Structure formats: C-alpha cells, structure tokens
Amino acid sequence: AQLQRTTDRWIALESRARAFAGRYTGPDDKLLPGALYVTLAGFGGSILARGRRSLVARAGLPALASLAAFAYVYPAMSYNVVRLTWRDAAAAGVVPESLPGAEAAAEQYRRAKDWGAQAWASVQGGGK
C-alpha cells in the first residue's frame, strides 16, 4: 500500500512537471540532447573561467555560456520563456506592459528579415 501511494505521488509529480514544461517547449524541441549541450556549454564556461580572479567572471562565464547554448539549442523554448516571464511580471506590476519603442524595434526587425530573405532569393536566383 505504501509503495502504491509513493508511485501515485511520483506519477502525479511527473504529470505536473510535463504540463509545466509543455507551456515552454516548442514542437520540435528534443529535450535530452539539448540539455546535454547546455550542460556541456556550462562546463566549458567553467573551464574558461578557471584562473580568473574576478568573482563575476568565474560565476558569469559558465552562466553566460549555458544561456547562450540554451538560446541556440532551444530557440522556441527560450522565446517562450522570455515571453511568458515578461507577461507574468507585467501582470504582477513588476515591469511595464511593453518596453518603450518595442513595437518600432519589432517592425524594424521584420523589415530587416524581409530584406534578408529578398537578398537571399536574389543570390540564389542569380539576380533574376
């Protein structure tokens, strides 16, 4: 009976964790290989930080390397984490609804992306 209760609690905990992670994961995210890459990037940052006297560098380099790897390996998930965290913080009144100039920056990004796609198509088509 005790084993059954423990198993049931474990399964409930696992299903809650999956539901929580499901808010953030993208449809094509493969969790295990990406998690290994992010961990290895953190280890690499730790190796780079060895011998540095600055506490900021020793703590910051592994974290920065892991964050950069996370954003590279999980682009959809990192976008969702930032978006949902900002939304929840704005709902709590910690940060403004949007940053000043965010709409203009988003429009500028869309234009640059369109221009890049047109330039790439021109290069592939031989300038036709």
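From 16, 52, 23, which residue is open to solvent by 80 Å² or more (accessible area, probe 1.4 Å) and touching a Lys or Arg at 6+ places or on another chain (Cβ under 8 Å)? Talk me through it step by step, then tell me what you get.
Numbers: 16 fails: touching a Lys or Arg at 6+ places or on another chain (Cβ under 8 Å); 23 fails: touching a Lys or Arg at 6+ places or on another chain (Cβ under 8 Å).
From the options 16, 52, 23, the qualifying one is 52.
Suppose we keep only residues that are surrounded by 13 or more Cβ atoms within 10 Å (Cβ to Cβ) and within 29 Å of residue 41 (Cα to Cα) within the stretch 78-102. Which one would you say is modelled with the lowest pLDDT? Give the steps one after another, and end with the answer.
Applying the first criterion (surrounded by 13 or more Cβ atoms within 10 Å (Cβ to Cβ)) to the stretch 78-102 yields 78-81, 86, 90, 95.
Then keep just the ones that are within 29 Å of residue 41 (Cα to Cα); that gives 78-81, 86.
Values: 78: 84, 79: 84, 80: 84, 81: 84, 86: 81.
Filtering the stretch 78-102 for residues that are surrounded by 13 or more Cβ atoms within 10 Å (Cβ to Cβ) and within 29 Å of residue 41 (Cα to Cα), the one modelled with the lowest pLDDT comes out as 86.
Could you tell me whether the stretch 60-77 includes any residue that is at pLDDT 90 or above, farther than 29 Å from residue 28 by Cα, surrounded by 11 or more Cβ atoms within 10 Å (Cβ to Cβ) and not basic (Lys, Arg)?
yes
Identify all residues within the stretch 26-49 that are at pLDDT below 85 and either touching a Leu at 6+ places or on another chain (Cβ under 6 Å) or open to solvent by 100 Å² or more (accessible area, probe 1.4 Å) (or both); write none if there are none. Reasoning before the result, please.
Keep residues of the stretch 26-49 that are at pLDDT below 85, which gives 26-32.
Matches in the stretch 26-49: 27, 28, 30, 32.
Which of (1) over 15 Å from the mean Cα position of the chain (by Cα); (2) of a type in the set (Phe, Trp, Tyr); (3) closer than 18 Å to residue 82 by Cβ does residue 70 not meet, given it meets every other one?
(1)
The values are calculated or read from the model by the stated rules, or taken from the named source; none is laboratory data. On a predicted model such as this, the values are computed, not experimentally measured, just so you know. All Cβ positions, even for glycine, are placed from backbone atoms using ideal geometry, and neighbour counts span all protein chains on display. Just so you know, the surface numbers come from the protein's heavy atoms only, side chains and all, with ligands and any DNA or RNA stripped out. Shrake-Rupley method; radii C 1.70, N 1.55, O 1.52, S 1.80 Å.
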